[in-house]
Amino acid sequence: LIVFYFGNGYLTVVGFTVTAGTIYAYNTYLTGIIEPVGVLFREIGNLQHSLVRTERIFKVIDGEQEDDSFEVLPRVNGNIKFDNVWFSYVEGQPVLKGVSFDIKENSMVGIVGHTGSGKSTLMNLLLRFYDFKSYDSGRIFIDDVDITTHSKRSYRKDIGIILQDPMLFTGTLADNIKFGANISDEEAIEILKSVGGESLLNKLPNGIHEEMTRGGKNMSIGERQIISFARVIAHNPRILIMDEATANIDTETETMIQNALEKVKKGRTLIVIAHRLSTIKSAN
Ligand code: ATP
Ligand code: MG
């Protein structure tokens, strides 16, 4: 536009004295100014990001410190008691309404109920993934000891949990089974076989040294559950909780999981949250 306007004026308008050199210089300066202005605006965007990040850093720093002490408590026997537990995630919408039950040590208990009825919530509370707030009430005991009397770290060591959607981590299968437990590769293989993972093991080209991808996306949910069974047995918990996967599992995997359950229930309190009644047909 500039070239056209001034060029046209130079040729047609009498007394028009702008030279080609001036137009060229003007144009060069103009392009030169665009870049710094662009940078300026990009930096404003960066500044906004930094402000948000700084705010979050301060949130972490200001976060409430939870009791992280680690007392070496004697191994629990595995009696569990819920005493009139009322619990809401959101105030005014109770999920558990006066739940009471008693689980004796070494028994196998099945929990069934509709989706969203609060089965996983029971376990969230037993493991204190959520704590009671002022509008909740009731108490939870393990071996007649209120679970809030010790730090979370010290009482969780005797509880094992197999989640609905088990998590695997980057690393080998062996790493995923050991997960901090002090056992050898051979023991890890033994444990995996004992919970019915033999066919899984044979399928993997590198066996126990097969690399897992983050989240375990290279394994089916059933296989992931078998691996988390092995992981939990490696840590030898006194209370074992299994939250059965809702996703469809084939009959073969189901049999695999049932056999695994039979193996692991000896000498443990076993709580199975089940979606298929066949899983808990041997429950007390
Ligand atoms: P499923 O059989 O599908 O696993 P569930 O019985 O385990 O279901 P819960 O996960 O215990 O169900 O959820 C019980 C209720 O609590 C649901 O209505 C759910 O929407 C609600 N809920 C669960 N977790 C939270 C949370 N973190 N925040 C708010 N509400 C939640
Ligand atoms: Mg659940």
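Structural remarks
- Gained length - Thr148 relative to Phe4, 0.36 nm times residue gap less alpha-carbon distance: 43.7 nm
- Only the Cβ atoms of Lys and Arg (+1) and of Asp and Glu (-1) were treated as charged; on that basis the dipole of segment 1-116 about its Cα centre amounts to roughly 560 debye.
- Placing dummy labels 7 Å off each Cα toward the beta-carbon, the span from Lys104 to Lys266 is 2.1 nm.
- A cut-off of 5 Å between modelled amide H atoms, ignoring neighbours fewer than 5 places along the same chain, links Gly138 with Trp86.
- Shape of the chain, Cα gyration tensor, a/c cut at 1.5: prolate
- Cross-link partners of Lys152 among lysines (Cα-Cα below 25 Å; sequence separation of 8 or more within a chain): Lys59, Lys81, Lys97, Lys104, Lys119, Lys133, Lys178, Lys265
- In order along segment 270-284, phi translates into HN-Hα couplings of 10, 10, 10, 8, 10, 9, 10, 4, 4, 5, 10, 5, 9, 6, 5 Hz, rounded to whole numbers, per the Karplus curve 6.51 cos²θ - 1.76 cosθ + 1.60 with θ = phi - 60° and x for Gly and Pro.
- Ordering Ile57, Gly197, Gly15 by Cα displacement along the dipole of the chain toward the positive end leaves Gly197 in first place; charges were set at the Cβ atoms of Lys, Arg (+1) and Asp, Glu (-1).
- Gyration tensor (alpha-carbon) shape descriptor, segment 145-284, a/c threshold 1.5: oblate
- This model, with +1 at the C-beta of Lys and Arg and -1 at the C-beta of Asp and Glu, gives the chain a dipole about its Cα centre of some 300 debye.
- Derived scalar couplings ³J(HN,Hα) [segment 40-46; Karplus, 6.51 cos²θ - 1.76 cosθ + 1.60; whole Hz; x for Gly, Pro]: 4, 5, 4, 5, 4, x, 4
- Derived scalar couplings between HN and Hα for segment 230-238 equal 4, 4, 5, 5, 4, 9, 6, x, 8 Hz in order, rounded to whole Hz, by the Karplus curve 6.51 cos²θ - 1.76 cosθ + 1.60 (θ = phi - 60°), x for Gly and Pro.
- Taking amide H atoms as placed 1.01 Å from N in the peptide plane, the amide H of Met212 lies under 5 Å from those of Gly171, Thr172, Leu173, each 5 or more residues away in sequence or on another chain.
- Each helix, a run of at least 4 DSSP H residues, gives -39500 (n - 2.57); summed and divided by the residues of the chain, these come to -13000 deg cm²/dmol at 222 nm.
- Close amide-amide hydrogen proximity is noted between Leu96 and Phe87, each under 5 Å apart and 5 or more residues distant or on a separate chain (H modeled in the peptide plane; Pro and chain starts excluded).
Quick note: the coordinates plus some simple rules give every number you see, no bench work behind them. Nothing here was measured: the structure is a model prediction, and the numbers come from that model. Cβ atoms come from the backbone with ideal geometry, glycine included; neighbour counts cover every protein chain shown.
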